[in-house]
Amino acid sequence: MGVKGFAWVGGFALFMGVAFFIKYSFDNNLIPPELRVALGFLAGIGLLVGGVVMSRRNFATLSQTLCATGVVILYAVTFTCRAVYHFPFFGPLPTFLFMVLITATAFLLAVRLNAMVVAILGMLGGFLTPVLLSTGEDNPLGLFGYIAVLDIGLIVVALNRRWHFLFALAALGTAIMQIGWAAKFFETGKYFEGNKILIALAVLLGFNALWLAANWLAKWRGQINQWLSGSAFGLVLVADAFTLWFLDFPPLAQRPWLLFSFVFLIDIIAIAVTLADEILLLAQSISGAAVFCLLAFWTAMSLSNELLNAALAFYLIFAVLHTALPVLLQRWRGIATPAWINHFFPIVALALVLVPIFKLTQVSFIIWPFILLVDLLAIALAVLTSTLLPVLAVLLLTLAATGALIFKIPTDLTGLPMSFFVLAAFVVFFVVAGIWLVKKFRPDALKSGFQFGNNPAAPEDLAAILPACSVILPFLLLIMATMRLPLFNPSPVFGLALLLVVLLLGITKLFSLDWMPAIGLISVTALEYTWHFNRLDPANPAEPLNLILIWYLIFFAAFALFPFIFLRQFESKIIPWATAAMAGPLQFFFIYRLVKLAWPNQFMGLLPAAFAIPGLLSLVVVLKRISGENKSRMAQVAWFGGVALFFVTLIFPVQFDRQWITIGWALEGAALLWLFHRVPHPGLRLVGVGLLAAAFVRLALNPAVYAYHPRAAVPIFNWYLYAYGIVTVSLFAGSKLLAPPRNMVLKLNLPPFLSGFGVVLAFLLLNIEIADYFSAPGSTLTFEFSGNFARDMTYSIAWALFALGFLVYGILKNIAVARYAAMGLLCVTLIKLFFHDLAQLAQLYRIGAFIGVAVIAMLASFAYQKFYSAAAKKTEVKNETTPQ
């Protein structure tokens, strides 16, 4: 307070006093302009001299205050001579040189007196000089030459006196001058035309080089600091921002070699700044991100076919530069960067490639070697850093690029497009790379079989996932191509799919990944389904139907034979065998529909019979070649046995139609439950019950069943009898086959359900036969309960007899549910008799109905009293005599 405070107050008061005196003299014209200026210069110089004298007498604070005030007065007086009085001597150049002299004097005094405030005032005056003395003419070399000298002086002062924040102020002033000059002269000076842009680029590059030199000078002197490094990096970002602005000018945007070469040099400067000050390690990554933002903006706004080569070259150059640099820094200088940064740039480079593929009408073939180089870069980096997750990212982007190319194929193309060759090449590349990576990270994987660990992101696990994804994901592209392109000959798509299947099965063999065949079969089936239902047209003469059939059989053989070819390797597995078994039903679906549409015949039942043969042969081979001690043998037998039974029972519904489909389901379900007795695999039981339940639903809850055929001429003995009868018998047989201890599935006791379904179908059959008997000849089946006395009486008596039989069964088998259901049906029959039949029937029919129902009711009563009561007493006596 006492020293600095009063000195500063005094200096400020002196300045204000001089200012007010000058203003008073101006207002009253007491002093001529020439004398005013002379007095101002004398005052400023006198203050400087007084400050130097005071410094020698150890009055440091007073000395700095006087010098700072003198500098301000000299700047003000010089500006007044030029801008206010327009003295002839103070032309543009002399005035400029005089202000430069004042600035240099201020810097020298600041160093000599250790006066920071003098340096700051000198800096402000220095930067304001070209602004205050501007003539409105464009002179970039003179302007920025002066700014460069000013910056050099500030850098020297800051390094000598360690006033590090001056670096930031100087960089900020430099950036402001660059922005101000560009805003005023760039467009009016037409710097975007011809080679005048070189001046702007040279200015930006020159200042970045100057600050880089300052960084290395500070490093050599051991004075490197964040103020200096941050200022240098800030000017790098300013240069990038200028480049973004330049790219908005179409003439400049058409010169990517010039602009991005400049960006490359700026990027090198950013890297060099990082090397000078390792604290700013992320600066090179931030600079790389800024560069790719520039590339993305230019790609989206200005890319054309003529500029594609330049775009690909700079994508690759910057990707290689910023991918390799962190690795080299870590290896040579031990500088570690975050792992994700190393892998960011190849991914971004590939993402940028998608833009020209989608944007340009024609894409040069050179784009694919570029993608391959970036893929190799990502894989090499993955090996060096033991991080493979980004390789999956470049795989996805590579497939996206090929998919984009597929979508650019003309929709009228029916041949084999080049994009399919490209896709196949990249698939093979990634599969080979994945296998090599597995050998790199898990050398023993090909000998002992690959086993996944607990960490799915581990490099050895990702190495195995990579070839799997490389094979599976392209199926999505093939499906999209099939949906878009009118490929009436599916050979291009199916040929590539076959290559994928071969690679997939090869990977399964190498790594023992037993789940991959199942995924492959699902993928192939999805592709076949898409083509089959979108492109198959037997009426089109261009479609090679025989070739299509051969393709379906090839896919069937590939999956069906695979586990048998490598039997010893997969004998203890289940999924490859299940896939081999399911290949038959899935391919049969397409082959059956193709044959039915292209070659209709009366012997379609031979087709499932033919498909049953491979299933039976496979079953025989499994039984003979695989030891009974193998725990997987039962599941393998169950799969092939179930598929073989499926095709055998499918013969009837295929050879015939309609109700035979339901009959086939019922017979297949009962057959699977029979097979479950021999091969107690839970899957057989579950599928068998499901098929029986589906057959019941189809007959009981599907009204369309009644319209399958017109009413037959012969009553009772018709298709209803064998359709409902066979399914009912199958349900009862299934209930019998699931007797304890095989009765529980998913905590449900299934035999009562199957028996109940059978009883419901039997009751439905009873009513259907009555309705059929009384329906008009030639008509479809109709249910009516009025208007026909004989039919109404028949319904009542039949229901009562059915209830009686069901009641006797429930009594004999001691099944409470059966007895309750029988009594419920009997009650319904009595209600129908009293409230419906008696009102509609004639006297004779009414008597017959009464008598019939009465007899049935009495028989039910007798059966209950005699059999059920006796059985209950016998059970009670047995419980009393049994020792507790």
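The table below lists the values:
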{"read-out": "Condition check for GLU784: charged (D, E, K, R) and either in a helix (DSSP H, G or I) or modelled with pLDDT of 80 or more (or both)", "value": "no"}
{"read-out": "Check on ILE147, under 50 Å from the mean Cα position of the chain (by Cα) and either in a helix (DSSP H, G or I) or crowded, with 23+ Cβ neighbours inside 10 Å (or both)", "value": "no"}
{"read-out": "Top-ranked residue in segment 487-520 [being polar (S, T, N, Q) and closer than 24 Å to LYS440 by Cβ; ranked as most open to solvent (accessible area, probe 1.4 Å)]", "value": "SER512"}
{"read-out": "Test: residue in segment 564-574 that is within 24 Å of ILE651 (Cβ to Cβ) and touching a residue at least 40 places away in the same chain (Cβ under 8 Å)", "value": "no"}
{"read-out": "Criterion: open to solvent by 70 Å² or more (accessible area, probe 1.4 Å), among the β-branched types (Val, Ile, Thr) and at pLDDT 80 or above - qualifying residue of VAL432, VAL422", "value": "VAL432"}
{"read-out": "Close pairs from segment 208-222: first farther than 14 Å from HIS164 by Cα, partner open to solvent by 10 Å² or more (accessible area, probe 1.4 Å) and of a type in the set (Gly, Ala, Ser), Cβ under 8 Å, at least 6 apart", "value": "LEU210/ALA148; LEU212/ALA272; TRP216/ALA272"}
{"read-out": "Every residue from segment 563-578 that is within 13 Å of GLY520 (Cα to Cα) and open to solvent by less than 10 Å² (accessible area, probe 1.4 Å)", "value": "PRO576"}
{"read-out": "Among residues of segment 172-204, those that are assigned to a helix (DSSP H, G or I) and more than 23 Å from LEU128 (Cα to Cα), counted", "value": "3"}
{"read-out": "Matching residues, segment 254-286, being polar (S, T, N, Q) and either modelled with pLDDT of 85 or more or exposed (fewer than 15 other Cβ atoms within 10 Å of the Cβ) (or both)", "value": "GLN254, SER261"}
{"read-out": "Segment 606-621, residues that are out of contact with any Ser or Thr (no Cβ under 9 Å at 6 or more places or on another chain) and either closer than 20 Å to ASN546 by Cα or of a type in the set (Asp, Glu) (or both)", "value": "LEU606, LEU607, ALA610, PHE611"}
{"read-out": "Some residue of segment 564-587 being over 35 Å from the mean Cα position of the chain (by Cα), outside any loop (DSSP other than H, G, I, E, B) and among the β-branched types (Val, Ile, Thr)", "value": "yes"}
{"read-out": "Residue match in segment 601-612 (condition: of a type outside the set (Val, Ile, Thr), touching a residue at least 60 places away in the same chain (Cβ under 8 Å), assigned to a helix (DSSP H, G or I) and surrounded by fewer than 21 Cβ atoms within 10 Å (Cβ to Cβ))", "value": "no"}
{"read-out": "Top-ranked residue in segment 740-760 [being open to solvent by 80 Å² or more (accessible area, probe 1.4 Å) and part of a strand (DSSP E or B); ranked as farthest from LEU684 (Cα to Cα)]", "value": "LEU748"}
{"read-out": "Count of segment 616-633 residues which are closer than 17 Å to HIS681 by Cα and part of a helix (DSSP H, G or I)", "value": "4"}
{"read-out": "Flag if GLU543 is farther than 18 Å from SER491 by Cβ, surrounded by fewer than 20 Cβ atoms within 10 Å (Cβ to Cβ), out of contact with any Cys (no Cβ under 9 Å at 6 or more places or on another chain) and acidic (Asp, Glu)", "value": "no"}
{"read-out": "Conditions (1) under 21 Å from ALA583 (Cβ atoms); (2) at pLDDT below 75; number of the one not met by PHE475", "value": "(2)"}
{"read-out": "Selected residue [at pLDDT 75 or above and crowded, with 23+ Cβ neighbours inside 10 Å] from LEU109, LEU172, LEU166, LEU159", "value": "LEU166"}
{"read-out": "The listed residue being part of a loop (DSSP other than H, G, I, E, B), free of Cβ contacts under 8 Å to residues at least 60 places away in the same chain and under 25 Å from GLY180 (Cα atoms), out of ASP240, ASP248, ASP267", "value": "ASP248"}
{"read-out": "Some residue of segment 579-593 being in contact with a helix residue (DSSP H, G or I) (Cβ under 8 Å, 6 or more places away or on another chain), in contact (Cβ under 8 Å) with a residue 40 or more places away in the chain and of a type in the set (D, E, K, R)", "value": "yes"}
{"read-out": "From the options LEU553, LEU549, LEU594, residue that is part of a helix (DSSP H, G or I), open to solvent by 50 Å² or more (accessible area, probe 1.4 Å) and aliphatic (A, V, I, L, M)", "value": "LEU553"}
{"read-out": "Filter result (hydrophobic (A, V, I, L, M, F, W, C) and without any contact (Cβ under 8 Å) to a residue 24 or more places away in the chain) within segment 664-706", "value": "VAL697, LEU701, ALA704"}
{"read-out": "Enumeration of residues in segment 354-390 that are of a type in the set (Gly, Ala, Ser), touching a residue at least 24 places away in the same chain (Cβ under 8 Å) and assigned to a helix (DSSP H, G or I)", "value": "ALA378, ALA382"}
{"read-out": "Qualifying residue in segment 671-681 (condition: outside any helix (DSSP H, G or I), over 40 Å from the mean Cα position of the chain (by Cα) and among the basic types (Lys, Arg))", "value": "no"}
{"read-out": "All positions within segment 482-518 that are touching a Ser or Thr at 6+ places or on another chain (Cβ under 8 Å), over 15 Å from VAL431 (Cα atoms) and outside any loop (DSSP other than H, G, I, E, B)", "value": "THR482, MET483, ARG484, VAL493, PRO517, ALA518"}
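The values are calculated or read from the model by the stated rules, or taken from the named source; none is laboratory data. This one's a predicted model, so the numbers in the text were calculated from it and none came from an experiment. Every residue, glycine as well, gets a Cβ built from its backbone with ideal geometry; the counts of neighbours run over all protein chains shown. Protein only, heavy atoms only, side chains kept; ligands, DNA and RNA dropped before computing areas. Shrake-Rupley method; radii C 1.70, N 1.55, O 1.52, S 1.80 Å.
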